[in-house]
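Asker: Let me give you the structure first, and then I'll get to my questions.
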Amino acid sequence: MTNFRALPEVTPAQVAALEDLHRHFTLSTDKLHAIVKGFLAGMDRGLAKDGEELAMIPTFVQIRPTGQEKGTYMALDLGGTNLRVCEVTLKGSSQFSILQQKFTIPQHIKQSNARTFFDWIAECVSVFLTDHGRDTSSTTETIPLGFTFSFAVAQTSINRGTLIMWNKGFTAEGVVNRDVVHLLQDALLRKHLRVTVTALVNDTVGALMTSAFQNPSSVMGVIFGTGTNAAYYERLDRIPKWLKSDAAQQNPHHSDEMVINMEWGSFDNSKQVLPLTWFDNSVDRETQNPCMQVFEKMVSGLYLGEVTRKVLLYLIDCQLLFQGQSSTELNQTHSLDTAYMSTIVADETPELLDTQYTLESVLLIPATTLADRHIVKQVCMMLGLRSARLSGAAVASVMSARKDLLEAGICTVGIDGSMYEFYPRFEEYMREAIAEILGQQLTDNIVTTLAKDGSGVGAAIVAMIADKQKALASNNDNPIV
Ligand code: GLC
């Protein structure tokens, strides 16, 4: 355990509180193993039938990109915070270029209704086309578009799917249980835009495709950002619910595998395995979806700052921090952005001046002592470490399920998202946890890499795969292996 006693100016009571928190937030190797066991069982259940905690959604993506793909596609990436409209040019030889425009999704749009929501998206597409001189009114051709929609969607084809539930602060009415491609296509038509939605993609699938376009050994795409989730190539013979489905009868088998969107944020919604603390439960209870996305709420950027904020308020109320004084700012839900935690954890100045700035000038705490700042830094470190280790357990679970691939050689995992990209030492801690679970030798076979712009590029690749799968289906019924 960290020697909290060595921190400058801390009192014995503060040390005791830190030790107590450390006990609650630390994940032992045994606990990691128990989580993997739970994950593997949950994956099997989700692959066997619908409606399970891990949704394990077949994505209809069966082909692996080769990197030689060429073509220009539009892509829309609706993530947790922004909408990005992109034009992606795949140039072959694993090269691509991307032209993109970012729009921050206003809170009132997230909480509006289906029509307002999709009209806003269509308006952003229109702005992009106008700003980049891509006027579609004079042509008869339509532009193909891949739509990355980063929510749980039950797919019924490569460009069809109904929203299972909202999360990450989105609540727009009239979208759940409806086909999001229909809703988007109708909104594009209302604006007379000649754009056809040819692919519907989860952001994890986008990350996997982008990684695979650049590296053929890619087996898994992961997001550690506002939310968290993963997609991976699963063998068809391990997906009983797909084999039994009408969709499987109607769709030619393009290969013996399919990308599965796991929706792993829902792991352990029943709270049987994860070591939830009082703070986690308190955050969960105040969200739009209590007892849902339980794993996501312990790992991802939207919630990490909030759990940390609860811990700080607890220490304040115990008179162990900031002389018992909070601020109006810190009392606000979600005021402690996870990005502030990255700054605090990275602060190596002797007086912790970046931490002081964040606490006093951003969160408006009247005054902090050096001991206060060290305590805050320790809390942030504990929570970041726990998130990275949980992430490692999740990645290790999937790689255990695909041990056949891992034992055969290098498996690349394409990862995107702010936690992975910016949280200090996230990747290192995650890999340490993977090694504790799988052993160093197998862990050395796992290459983790940043799948930057995965959602945009991946959507374009799936739009292209959709064309390929369609052409193959109409040309012959022979499976490609
Ligand atoms: C949430 C969504 C999931 C998405 C993830 C990361 O968990 O349900 O579809 O992949 O966030 O953005």
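Asker: Among the residues of the range 215-226 satisfying the criterion of being within 8 Å of the ligand (Cβ to nearest atom) and open to solvent by 10 Å² or more (accessible area, probe 1.4 Å), which is nearest to G456 (Cα to Cα)?
Answerer: I223
Asker: On to the next question. So if I check each of A187, A172, which one is touching a Phe, Trp or Tyr at 6+ places or on another chain (Cβ under 6 Å) and more than 16 Å from the ligand (Cβ to nearest atom)?
Answerer: Just one listed residue meets the conditions, A187.
Asker: Taking the criterion of being closer than 30 Å to P8 by Cα and out of contact with any strand residue (DSSP E or B) (no Cβ under 9 Å at 6 or more places or on another chain), would at least one residue in the range 439-454 satisfy it?
Answerer: Checking the range 439-454: not a single residue is closer than 30 Å to P8 by Cα and out of contact with any strand residue (DSSP E or B) (no Cβ under 9 Å at 6 or more places or on another chain).
Asker: Among residues belonging to the range 249-284 that are farther than 30 Å from T26 by Cβ, away from the ligand (no atom under 16 Å from the Cβ) and open to solvent by less than 40 Å² (accessible area, probe 1.4 Å), point out the one that is nearest to the chain's Cα centre (by Cα).
Answerer: The qualifying residue nearest to the chain's Cα centre (by Cα) is M258.
Asker: To continue, here is another question. So how many residues does the range 233-248 have that are of a type outside the set (F, W, Y), open to solvent by less than 20 Å² (accessible area, probe 1.4 Å) and within 27 Å of the chain's Cα centre (by Cα)?
Answerer: Qualifying residue count for the region: 3.
Asker: I'd like to verify a number: residues in the range 190-214 that are closer than 18 Å to T72 by Cα, away from the ligand (no atom under 16 Å from the Cβ) and in contact with an Asp or Glu (Cβ under 9 Å, 6 or more places away or on another chain), how many?
Answerer: 3
Asker: What's the total number of residues in the range 341-355 that are under 27 Å from L276 (Cα atoms), free of Cβ contacts under 8 Å to residues at least 60 places away in the same chain and open to solvent by 40 Å² or more (accessible area, probe 1.4 Å)?
Answerer: Matching residues across the range 341-355 total 1.
Asker: Kindly provide the set of residues from the range 356-372 that are under 30 Å from the mean Cα position of the chain (by Cα) and either hydroxyl-bearing (S, T, Y) or buried (at least 20 other Cβ atoms within 10 Å of the Cβ) (or both), ordered by number.
Answerer: Selection gives Y357, T358, L359, L363.
Asker: Turning to a different aspect of this structure: With the condition kept exactly as written, say whether any residue in the range 69-84 is outside any loop (DSSP other than H, G, I, E, B), of a type in the set (A, V, I, L, M, F, W, C), in contact with a helix residue (DSSP H, G or I) (Cβ under 8 Å, 6 or more places away or on another chain) and over 20 Å from S150 (Cβ atoms).
Answerer: Within the range 69-84 (the criterion being outside any loop (DSSP other than H, G, I, E, B), of a type in the set (A, V, I, L, M, F, W, C), in contact with a helix residue (DSSP H, G or I) (Cβ under 8 Å, 6 or more places away or on another chain) and over 20 Å from S150 (Cβ atoms)), the answer is no, since none of the residues qualifies.
Asker: Now a separate question. Of these, S300, S342, which one is hydroxyl-bearing (S, T, Y), within 16 Å of the ligand (Cβ to nearest atom) and touching a Phe, Trp or Tyr at 6+ places or on another chain (Cβ under 9 Å)?
Answerer: Residue meeting the stated conditions: S300.
The values are calculated or read from the model by the stated rules, or taken from the named source; none is laboratory data. Fair warning: this is a prediction, and the values are worked out from it, not measured in the lab. Because the Cβ atoms are built from the backbone with ideal geometry, glycine has one as well, and the counts that use them run over all protein chains shown. SASA here: full protein model, heavy atoms, side chains in, ligands and nucleic acids out. Shrake-Rupley method; radii C 1.70, N 1.55, O 1.52, S 1.80 Å.
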